[in-house]
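Read the structure below first, then the notes.
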Amino acid sequence: MSYRGLSHEEVDRRLKLYGYNSLRERRSSDLQLFLSQFKNPFIYLLILTATFSYILGETTDTLIILLILLISGFIGFLQERSANRSVEKLLSRVKTTAIVIREGERREVPVEEVVVDDIVVLTAGRIVPADILLIEAKDLFVDEAFLTGEAYPVEKREGERTYMGTSVISGYGIGRVEKTGRNTRYGQVVEKLKHGKEETDFEKGLRNLGFVLLQIASAMVIVVFAINAHLHKGVIDSLLYALSVGIGITPFLLPVIVNVTLSHSARLIATRGIITRRLSSLYNLGNMTILCTDKTGTLTQGKMDVLAFLNALGKEDEKVRLYACLNAMMQTGYRNPIDEAIKSKFNKEYLEDFTKADEIPFDFQRKRLSILVRTKEGNFILITKGAYKNILEVCSYASVEGRILRIEELKGKIEEIYQRYSEQGYKVIALAYKDLRKDNIAYTDEREMIFGGFIVLHDPIKQDSKKTIQELMALGVDLRIVTGDNILVAKKFAKDLGLPEKIISGEELRKYPAEALTAIVRDFYVFAELDPMQKEDIVLALRRLGHVVGYMGDGANDLLAMRASDVALSVENAMDVVKESADIVFSNPDLAGIREAIVEGRRAFLNSMKYSRIQTSSNFGNMLSVLGASFLVPFIPLLPYQVLTLNLLADLSFLTLPSDNVDEEKLKKPTSWDLSKLKKFIVFFGPVSSIFDYATFFYAMHILRAGPDTFRSLWFLESLVTQSLVLLFLRTDKTAFLQSRPSKALVLTVLGVLSSGVFLLYSPFGRLLGLYPLGVEQLIFVFIVTLSYVFLVEMVKRLYAARLSN
């Protein structure tokens, strides 16, 4: 049946009228993004503080607090805007497509451009791009697991519907689009579930940390208010001060820093052809301890070539070549390297004598592909190719140089040829055929066939694969080969790569109970002859052992395993449905690229952790100082807007942290989120800053006998200098500062913040904040305190390192 489809003008009209076929959130306008910066419980506290000031008639205080609020929001807006634009550019590079019929011609278009009433062609490996009513279907099996939870593919027939978000496992279909985008059944499910997306380990850790800090901040507000009010420092002033302290001890730029760090790393690896589809997956990639991969394309050159077409005696055979080429050329399932290699040997003259009559597509249960061809004389021949064992089981006869013999007479020779080439590392598939007297075929026709011979293929190992595997192991990442290839090929492959020759087949795995799988996967490095569900079981078993598991896939048989993994990896020429399931997509499917992405993922994680560790420890020290000051100082130690300005400037020091250098030894092993270790860091280094805050209190109150203005100016500068400078020292665990150099951008940012702090004291704007110039003696004191602080931090780092090593 032929179809005309829509005109290009009608498609353009519908796109403008109904929008694109996409479930992605519409990009926020700049105004929406700016306003979103204020959807934060700590910002609400800031607004509450400004409101109290206005009610009390403190107009200047109110304006200053609102100005600080706007500056903070604008900084977050600029950072997030840049990060979001970068992510959009990255995602636009990974396009999935659909085959549509328009104006009588088949065209491949981006899925987003599919419109209602489009005629869509569905083949194996394609995602279903919209809700579609089938008008043709041939052995069409669709994976609907996302919508129905059904583990096995469902057969679809003419008149039935397939839904967006499902994927074609095998067969062929044509349908008319009924609904697109958010109107689809899939779109409605996604809308319900979009807030319930599974978090990565880092996201969970971040959320837990935020919850703990919110509790601490809330408690601090109550305690500081109670102390200052009890000491008769004014109820309102005490409340405003307590609210600003609660805000000041909270690292509310943490989400921005994390987002910017991830987008920075994603941009870096994008220059090497690695596209990050889900930013947070970079953390899991960096923490990965086991990478599961098929060998094709990743460890091999990915350029399958036909070595020979052999008959049952192991001799070159033109009939095997002819039938193999017809089968590969006429199949309409998903593209694969085996058929592409066979098609390269195709002679176009074959098409003059044969036409296609019917097809049973390949699937991963049968592991066979059957084509029914009609000869020019009108006869029908069923040609089937596939996995050796799966072809052999449907054969009763064998063809040898024009004679048809019982298969039992040649089974020994056939097995010997298969083993010989497999042991040499070649991929060997088999071919069978038989004559039929009808113009259509069914699964039941795949029986009593004639064994025709072998197709021997070769995909050489990449020269640097062995070296790259060693480099991965040096990074703390073990490799597991998870393949459908036969065990003999897998064994030769493991030997050539220098992997431990601990190999097990899918058939052997079936002999063990499910609960034993966890123990088995610990001991084996190569898993051969697997079906898709076994691949998934292996990934889940490795995760139960506590590993962070990555899975590199490119075919429909990898989907279950990819979805079960911590981080799903794919390649740009993979099936659309596989790319859609991937977290990270590689344009070059080699381990060297994966190694680079792992290192960059670790860099992103470690730079995010720097902010968490340094800022929370610094804020813990501030908390101790604020509590002490509330008792020791007879007036409000810092005015609310001074606290907020100090916190804003200190946070600005961290804005270039995403591009900071990371110690090489830190990149050599996975680093996971460890809240208990973070607590130890806070307890070790937080009180150090408090020591010098108390020294400042003593100097100001008992030596200078300073009034409120001088006290506040002195503590403001001392706190800013120590809090900003410590970033350059605590960013590394190395006990000598020069052993680990910070990035130039970070150094310049810190110096810029320090200069701004000093400038405030001597500028007219400083008067508005209640800050005043300090004398030479006071500046020398701040300088001495800073040097002493840095020296003590280096000493405590040694103690901390010794404690950790013990």
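The values are calculated or read from the model by the stated rules, or taken from the named source; none is laboratory data. Since the model is a prediction, treat every value here as computed from it, not as a measurement. So basically every Cβ, Gly included, is an ideal-geometry build from the backbone, and we count neighbours across all protein chains shown. Surface areas here come from the heavy atoms of the whole protein model, side chains and all, with no ligands, DNA or RNA. Shrake-Rupley method; radii C 1.70, N 1.55, O 1.52, S 1.80 Å.
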Worksheet, complete the sentence: By residue number, the members of region 539-556 that are under 27 Å from residue 427 (Cα atoms) and either buried (at least 24 other Cβ atoms within 10 Å of the Cβ) or of a type in the set (Asp, Glu) (or both) are 539, 550, 551, 552, 553, 554, 556
Response to the item:
Inside region 648-699, the number of residues satisfying the requirement of being among the aromatic types (Phe, Trp, Tyr), open to solvent by 30 Å² or more (accessible area, probe 1.4 Å) and farther than 25 Å from residue 746 by Cα is 2
Worksheet item: Does residue 296 qualify as being open to solvent by 10 Å² or more (accessible area, probe 1.4 Å) and either more than 29 Å from residue 613 (Cβ to Cβ) or at pLDDT below 85 (or both)?
Response: yes
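Here's the yes/no breakdown for (1) closer than 23 Å to residue 669 by Cα; (2) assigned to a helix (DSSP H, G or I); (3) in contact with an Asp or Glu (Cβ under 8 Å, 6 or more places away or on another chain); (4) open to solvent by 10 Å² or more (accessible area, probe 1.4 Å):
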site	(1), (2), (3), (4)
558	no, yes, yes, no
568	yes, no, yes, no
579	no, yes, yes, yes
592	yes, yes, yes, yes
595	yes, yes, yes, yes
599	yes, yes, no, yes
602	yes, yes, no, no
606	yes, yes, no, yes
Item to complete: Determine whether residue 404 is of a type in the set (A, V, I, L, M), farther than 26 Å from residue 154 by Cβ, open to solvent by 80 Å² or more (accessible area, probe 1.4 Å) and touching a residue at least 12 places away in the same chain (Cβ under 8 Å).
Response: yes
Fill in: Residue that is modelled with the lowest pLDDT [pool: residues in region 154-167 that are touching a helix residue (DSSP H, G or I) at 6+ places or on another chain (Cβ under 8 Å) and open to solvent by less than 20 Å² (accessible area, probe 1.4 Å)]
167
Response to the item:
Note on region 318-342: residues more than 18 Å from residue 382 (Cβ to Cβ) and surrounded by 15 or more Cβ atoms within 10 Å (Cβ to Cβ) are 334, 336, 337, 338, 341
Worksheet item: Of all residues in region 494-510, which are of a type outside the set (Lys, Arg) and either without any contact (Cβ under 8 Å) to a residue 40 or more places away in the chain or part of a loop (DSSP other than H, G, I, E, B) (or both)?
Response: 494, 498, 499, 500, 501, 503, 504, 505, 506, 507, 508, 509
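Here's the yes/no breakdown for (1) surrounded by 13 or more Cβ atoms within 10 Å (Cβ to Cβ); (2) farther than 21 Å from residue 545 by Cα; (3) under 28 Å from the mean Cα position of the chain (by Cα); (4) basic (Lys, Arg):
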residue	(1), (2), (3), (4)
462	yes, yes, yes, yes
466	yes, yes, yes, yes
474	no, no, yes, no
482	yes, no, yes, no
486	yes, yes, no, no
492	yes, yes, no, yes
505	yes, no, no, no
514	no, no, no, no
518	yes, no, yes, no
